[in-house]
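Shown next, in structure tokens, is the structure this report addresses.
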Amino acid sequence: MATQYLDRDDNELTRDAWKELRQDQSYVSVKRYDNGEVHVEVEWYGKIDNVQYVFDSFKKVFKVTVHNYNAIGQMVLDGANGETWFRNEREAIQHYEDFLSSWTESHSSGGKFIEEGNTLKPLNPDLPDSEISVPGFEGDAAW
């Protein structure tokens, strides 16, 4: 059975190049969201098994995975939205944002998507050294 490997831009890869990219989490993990109730991730997978039986329009290399946290804090694959596969990154991100808009406080504003409550969101490099707020220090800084 033939296997095809594609990068995030739909370019064909060798198996070795694909394996190397799969080790790079900054390349594999496209988007991540976690608010302690739900964990959602867009991931590049890039591997199509049995490619000889798959039409180009059905070669799906991006996966959106949704987990919920159970009562003891363990992540459990969501029964309705667990794994959904997409052909390209744009479609996967759109699904990710649609899901978050429906199930979290996240929303679009001025053409930009705002991920409310995301504990995995990187800190904003344009702000001072820390975005951590400490009660009693609003407006003050202690660097």
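The values are calculated or read from the model by the stated rules, or taken from the named source; none is laboratory data. This one's a predicted model, so the numbers in the text were calculated from it and none came from an experiment. Positions of Cβ are backbone-derived with ideal geometry, glycine not excepted, and every protein chain shown enters the neighbour counts.
Listing for the model above:
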{"item": "In the stretch 52-96, the residues that are more than 30 Å from Gly111 (Cα to Cα) and of a type in the set (Ser, Thr, Tyr)", "result": "Tyr53, Tyr69"}
{"item": "Asn81 over 18 Å from Thr119 (Cβ atoms), surrounded by 11 or more Cβ atoms within 10 Å (Cβ to Cβ) and modelled with pLDDT under 95", "result": "yes"}
{"item": "Selection within the stretch 55-78 - touching a residue at least 24 places away in the same chain (Cβ under 8 Å) and either surrounded by fewer than 16 Cβ atoms within 10 Å (Cβ to Cβ) or closer than 18 Å to Gln4 by Cβ (or both)", "result": "Ser57, Phe58, Lys59, Lys60, Val61, Phe62, Lys63, Tyr69, Met75"}
{"item": "Scope the stretch 9-44; condition in a loop (DSSP other than H, G, I, E, B) and either surrounded by fewer than 16 Cβ atoms within 10 Å (Cβ to Cβ) or among the acidic types (Asp, Glu) (or both); matching residues", "result": "Asp9, Asp10, Asn11, Thr14, Gln23, Asp24, Gly36, Glu37"}
{"item": "Pairs with Cβ under 8 Å, 6+ apart, first in the stretch 27-50 and on the phi > 0 side of the Ramachandran plot, second surrounded by 18 or more Cβ atoms within 10 Å (Cβ to Cβ) and part of a strand (DSSP E or B)", "result": "Gly46/Tyr5; Gly46/Leu6"}
{"item": "Residues satisfying the stated conditions in the stretch 79-108, i.e. within 30 Å of Gln4 (Cβ to Cβ), in contact (Cβ under 8 Å) with a residue 40 or more places away in the chain and in a loop (DSSP other than H, G, I, E, B)", "result": "Asn88"}
